Amino acid sequence: MSDQTEVSKRVEALRQEIEHHTYLYYAKDAPEISDAAFDSLMRELRELEAAHPELIVPQSPTQRVGGYVGEQFSPVVHKRRLYSLDNAMDFAELNAWLDRVEDTFGQMVPVCCELKIDGSSIALTYEDGLLVRAATRGDGTTGEDVTANMRTVRDVPLRLRAAALSSVASSAESLELRGEVYMPKSSFEMLNAAAEMEGKAPFANPRNAAAGSLRQKDPHVTAERDLSTFLYAVADDGELEVEGQWELLQWLREAGFHVNPDVELCTTKEQVRAFCERALERRGALAYEIDGVVVKVNSFARQRQMGFTARAPRWAIAYKFPPEEKTTLLRDITVQVGRTGKLTPVAELDPVVVAGSTVARATLHNEDEVERKDVRVGDTVIVRKAGDVIPEVLGPVLSLRPADASPWHMPRVCPSCGSVVIREDNEADYRCISIDCPAQSLERLLHWASRGALDIDGMGEEIVSRLVASGRLSDVADYYTLTEPELAALDMGRVNKKGEPITLGKTVAAKLIVAIDESKSRSFARVIYGLGIRHVGKTVAELVAAAFPTMELLSTATEEELAKVSGVGEKIAHAIFMFMRTPDNVDVIERLARYQVTMADEGALSGDEGDKPLEGLTFVLTGSLVRSGMTRDEAGSALKALGAKVTGSVSKKTSFVVAGEEAGSKLDKALSLGVPVLDEQQFLELLETRQVPESES
Ligand SMILES: [Zn+2]
């Protein structure tokens, strides 16, 4: 036996030992060795791998942090849709659902009760027991690939425990498991405290912090965030030899996943209610946020019998905790000016934690609403919040009202520019209609840079405000005149400990310049949306872009032509028409065009076959592309962009199989059918040259 074999055996033994202790720690909550001993195992494995890099495999516990996310998270189509659950807002609604279950089966059947974790949904896909993909929920059908980031979450097994694999159906090519990724309350508080020290905006609640940490472009950042998971579902229960939800949870634990211990198999309605009441009582004492209880019919066979409505399974319900109400002091009522000039009164509150989020501000909508609720500055007010719903000021505690509190009125002039504000007939809102209003231009600038619009990553409120204050930004076209040196030298209006002014700095400036440059190639629909035309949201922008695929066509369209577009009524048509005929706007659009911001819908115009060099060819991807770090989805998208078709299984019709490291049965099949195989190097050359390699046979 060679030394090499000995080393390889030791490496595998160490990996199994480390995985075993990770399993004991997270899944069993019963560690058997100290942290120091665990670290020592990791150290030995790292050293052996450093000396023998050929032994490194992606599923090694040392390989959690690394890889590459790319500028965009590639879309992932879920194996089965991730449904949201119907909600029961109180015990009456919960009982109504339990009655339906009873009616369906002629008797009460066992239901599984679990805590509803207030985190971010995640779908983990395993092939041959190895983690190959992690995706966010997205719209339920398509999510985003966050594999590199989820790998850094310590309680996610990179490979399933061997003991659990025997229950995986032999027909299952892959296994998609689902759960929730969350940030413990204590870590959330530490993260926000650190953000505050650095002058960054804090996260509103642990759920946003978890979701934000997952969407980092650099996995090292995610690795530093304290994220955890609870797994609780399988996309297709036919892939596992388990009978029901309760058994699934046992299997998940056995496979090495972190499974919430607070579960109960209930056989009576009283037990279900008692579980919910206990959960509500213990809510504050848990290390993580929950916002209710999920109740599922336990048996998978019975679940199939009950089936789905168009939007949710009939066999499950989410009992939502009642909204929480707290009292706090209304310090002030300020007025916000939106990008369309709308004035909104905002309650400035003494910060108070309600339903897991710190609430310091709440919209009061308009003057009528303030009058109706009769809230006055100095009042002690009742604030209500439920889960992810925005907080609401219910009204004052009149007995605590100070003697000098007086009714509030909307100011007659804009708090930003001093222009007289107007209230049109039949409208609840006051508006500032001045074209030079700085508050409106700030909102317009932020809207342009926002994620749904031109998505200038990193261009947040603080930087934009400073650029507006310094006179460098007044309209959206000005973004494209910014230079790296001036951004680097931008005075952030704060001083460091030595009393020196803090500037933006070279690193951030360089990133912003890249982001600004990238924003030029966003879709035409996003440009239309980004312009901030009144009534034109994302959906309308897409409809308009499809009907008028160039700025030329759009800006010359008549009101009648615009109103004919399905989904665009007279009101919207009028707003677009007027916008395109306002000289200041025409000027901004002309300048944007000069700076090469997208002014046409590429797809509608091109149709040029020369751009599809791989048309008619079918590709199958297998193994992992370790050299480039591309995920299979990214590789697939790259091929599709060149006109190729990408399928999941190899047949005689397959033109090429791209085989990365550790390619499995698909490679064998390709070889047996004589389908040409490309290695990663050849694949990358193909993407670069846009030509398929000459056949070698
Ligand atoms: Zn104004």
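The values are calculated or read from the model by the stated rules, or taken from the named source; none is laboratory data. Just so it is clear, the model here is predicted, and its values are computed rather than measured. Heads up, the Cβs are rebuilt from the backbone with ideal geometry, glycines too, and the neighbour counts pull from every protein chain shown.
Take the residues of the stretch 338-348 that are out of contact with any helix residue (DSSP H, G or I) (no Cβ under 6 Å at 6 or more places or on another chain) and surrounded by 22 or more Cβ atoms within 10 Å (Cβ to Cβ): which is modelled with the lowest pLDDT? Show your work before the answer.
Here is the first cut: in the stretch 338-348, the ones out of contact with any helix residue (DSSP H, G or I) (no Cβ under 6 Å at 6 or more places or on another chain) are 340, 342-344, 346-348.
Of the ones still in play, those that are also surrounded by 22 or more Cβ atoms within 10 Å (Cβ to Cβ) are 343, 347.
Numbers: LEU343: 93, ALA347: 97.
Taking the candidates together, the pick is LEU343.
Taking the stated definitions as given, is ARG444 of a type in the set (Lys, Arg), within 16 Å of the ligand (Cβ to nearest atom) and touching a Gly at 6+ places or on another chain (Cβ under 6 Å)? Before the answer, list the steps.
Working: of a type in the set (Lys, Arg): yes; within 16 Å of the ligand (Cβ to nearest atom): yes; touching a Gly at 6+ places or on another chain (Cβ under 6 Å): yes.
Yes: the conditions hold for ARG444.
If I filter the stretch 386-403 for residues that are within 16 Å of the ligand (Cβ to nearest atom) and either under 37 Å from the mean Cα position of the chain (by Cα) or touching a residue at least 12 places away in the same chain (Cβ under 8 Å) (or both), do I get at least one hit?
Of the residues in the stretch 386-403, the ones within 16 Å of the ligand (Cβ to nearest atom) are none.
Within the stretch 386-403, none of the residues are within 16 Å of the ligand (Cβ to nearest atom) and either under 37 Å from the mean Cα position of the chain (by Cα) or touching a residue at least 12 places away in the same chain (Cβ under 8 Å) (or both).
Going through GLY458, GLY452, GLY493 one at a time, which residue ends up being touching a Lys or Arg at 6+ places or on another chain (Cβ under 9 Å), part of a strand (DSSP E or B) and more than 14 Å from the ligand (Cβ to nearest atom)? Outline the logic, then answer.
On the way: GLY458 fails: part of a strand (DSSP E or B); GLY452 fails: part of a strand (DSSP E or B).
Every option except GLY493 fails the conditions.
When the stretch 202-247 is examined, which residues are found to be touching a residue at least 24 places away in the same chain (Cβ under 8 Å), assigned to a helix (DSSP H, G or I) and not small (Gly, Ala, Ser)?
PRO206, ARG207, LEU214, PRO219, HIS220, THR222, ASP237, GLU239, GLN245, TRP246
Taking the criterion of being within 16 Å of the ligand (Cβ to nearest atom), more than 28 Å from the chain's Cα centre (by Cα), more than 26 Å from ALA195 (Cα to Cα) and surrounded by 16 or more Cβ atoms within 10 Å (Cβ to Cβ), would at least one residue in the stretch 480-489 satisfy it? Even if it seems obvious, please write down each step before you answer.
Filtering the stretch 480-489 for residues within 16 Å of the ligand (Cβ to nearest atom) gives none.
The answer is no; no qualifying residue exists.
Considering (1) of a type outside the set (Ser, Thr, Tyr); (2) more than 16 Å from the ligand (Cβ to nearest atom); (3) crowded, with 18+ Cβ neighbours inside 10 Å, say which one ARG372 fails and leave the rest.
So ARG372 meets the others, but not (3).
Any chance you could count how many residues in the stretch 437-455 are under 17 Å from the mean Cα position of the chain (by Cα) and surrounded by 21 or more Cβ atoms within 10 Å (Cβ to Cβ)? Working first, answer last.
Looking only at the stretch 437-455, we keep the residues that are under 17 Å from the mean Cα position of the chain (by Cα), and these are 450-453, 455.
Within this subset, residues satisfying the condition of being surrounded by 21 or more Cβ atoms within 10 Å (Cβ to Cβ) are 453.
Counting residues in the stretch 437-455 that are under 17 Å from the mean Cα position of the chain (by Cα) and surrounded by 21 or more Cβ atoms within 10 Å (Cβ to Cβ) gives 1.
Which one is surrounded by the fewest Cβ atoms within 10 Å (Cβ to Cβ) among residues in the stretch 404-418 that are part of a loop (DSSP other than H, G, I, E, B) and within 16 Å of the ligand (Cβ to nearest atom)? Let's see the steps before the verdict.
As a first pass, look at the stretch 404-418 and keep what is part of a loop (DSSP other than H, G, I, E, B): 404-412, 414-418.
When the remaining residues are screened for being within 16 Å of the ligand (Cβ to nearest atom), the result is 410-412, 414-418.
Working: MET410: 18, PRO411: 13, ARG412: 9, CYS414: 23, PRO415: 14, SER416: 21, CYS417: 18, GLY418: 11.
Checking each candidate, the answer is ARG412.
Among the residues of the stretch 419-441, what is the count of those that are of a type outside the set (Ser, Thr, Tyr) and within 7 Å of the ligand (Cβ to nearest atom)? Explain how you work it out, then say what you get.
Here is the first cut: in the stretch 419-441, the residues of a type outside the set (Ser, Thr, Tyr) are 420-429, 431-433, 435-440.
Applying the additional criterion that residues be within 7 Å of the ligand (Cβ to nearest atom) yields 432, 437, 439-440.
So the count comes out to 4.
Can you say whether ALA310 is of a type in the set (Gly, Ala, Ser), over 25 Å from GLU247 (Cα atoms) and outside the structural domain of THR229 (by TED's automatic domain parsing), as far as the supplied structure shows? Talk me through it step by step, then tell me what you get.
On the way: of a type in the set (Gly, Ala, Ser): yes; over 25 Å from GLU247 (Cα atoms): yes; outside the structural domain of THR229 (by TED's automatic domain parsing): no.
Here the answer is no, as ALA310 does not meet what is asked.
How about the stretch 448-499: which of its residues are at positive phi and among the acidic types (Asp, Glu)?
Within the stretch 448-499, the subset at positive phi is 455, 458, 471, 493, 499.
Within the stretch 448-499, ASP455 is the sole residue that qualifies.
Among (1) within 16 Å of the ligand (Cβ to nearest atom); (2) modelled with pLDDT of 95 or more, there is one condition VAL377 misses while meeting the rest; what is its number?
(1)
From ALA285, ALA301, grab the single residue that is modelled with pLDDT of 95 or more and loosely packed, with under 15 Cβ neighbours inside 10 Å.
Numbers: ALA285 fails: modelled with pLDDT of 95 or more.
Answer to the selection: ALA301.
Results for (1) modelled with pLDDT under 80; (2) outside the structural domain of LEU553 (by TED's automatic domain parsing); (3) of a type in the set (Gly, Ala, Ser), shown as yes or no for each residue.
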| position | (1), (2), (3) |
| --- | --- |
| TYR595 | no, no, no |
| PRO613 | yes, yes, no |
| GLY616 | no, yes, yes |
| PHE619 | no, yes, no |
| GLU634 | yes, yes, no |
| LEU642 | yes, yes, no |
| LYS645 | no, yes, no |
| ASP668 | no, yes, no |
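Give the stretch 317-345 a look and list any residue that's under 30 Å from HIS447 (Cβ atoms) and more than 16 Å from the ligand (Cβ to nearest atom), or say none. Quick ask: steps written out before the conclusion?
Restricting attention to the stretch 317-345, the residues satisfying the condition of being under 30 Å from HIS447 (Cβ atoms) are 330-345.
Across the stretch 317-345, the qualifying residues are LEU330, ARG331, ASP332, ILE333.
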